[in-house]
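This report refers to the structure that appears directly beneath it.
The values are calculated or read from the model by the stated rules, or taken from the named source; none is laboratory data. Quick caveat: nothing in here was measured; it's all calculated off a predicted structure. A quick note on method: Cβ atoms are made from the backbone with ideal geometry, for glycine too, and the neighbour counts reach across all protein chains shown. The area values use the complete protein model at the heavy-atom level, side chains included, leaving out ligands, DNA and RNA. Shrake-Rupley method; radii C 1.70, N 1.55, O 1.52, S 1.80 Å.
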Amino acid sequence: MINSRNILLMLVAIACIMVGALAVPTLRVIEPDGMDLSLDGMQISDPEHTAEYMEMTGGTAKPGLQAYGRNLAGNWSFELKNMKSFPIGDIELRLYQSEAALFGTGVFKQGLNRQIATAEGSLLEGNAMILNVVSLDNVFLYRMTLNSADGNSTSGAFTLYSPAGEAPVKGTVSGGRSDVRRIS
């Protein structure tokens, strides 16, 4: 026979199981050692160095505050070649500048084919600039990273993006002003 003591033990066991099943689990946050991402923990002595580091490693860089003194407005011509030095085309632009912002219009030429193009970009710290050119008929994006030490000639790299989503084409770009500015 079942005595009252065994019944009481079974009821207590069932109650404990039900209370445990209804209890809300407590979340435990585990932080790995060595992952202090606070500004003090990162030990960045000068925030200006972070932009330089990002630019060197391929991240985005902020427009250069000292770069406003450089005037890159004017008529520019660029020659684009793929990585095997095969010509992709030429771009002629009339660029305007407001502080570190660059913008303008022009023509993309590939053989006898000519397309209207627009441009926008910005000056970066040092002699660097980013220039994005879009040909309007076929809507291709030419994203150029350029270096212009003297403000009259430039060289760098480009990536060509197509609207069909094909793999980007990379190459080199070189060019200069067609209205050369002289430093006086």
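Compare the peptides 116-124, 94-102, 78-86 by average per-residue count of other Cβ atoms within 10 angstrom and give them in order, highest first.
Per-residue mean Cβ counts within 10 Å order the peptides as 116-124, 94-102, 78-86.
Leaving out ligands and nucleic acids, and using a 1.4 Å probe, what accessible area per residue does segment 80-184 come to in Å²?
56
Using a simple spin-label model with points 7 Å from Cα along the Cα→Cβ vector, what separation in nm is obtained for Val107 and Ser162?
Output for this residue pair reads 2.5 nm.
Between Met10 and Arg114, 0.36 nm times their residue separation minus their Cα-Cα distance comes to what?
So the extension gain works out to 28.5 nm.
What FRET efficiency comes out for Asn127 versus Val169 if R0 is 35 angstrom and r is the Cβ-Cβ distance? Round to the nearest 0.05.
So, using R0 = 35 Å, E works out to roughly 0.90.
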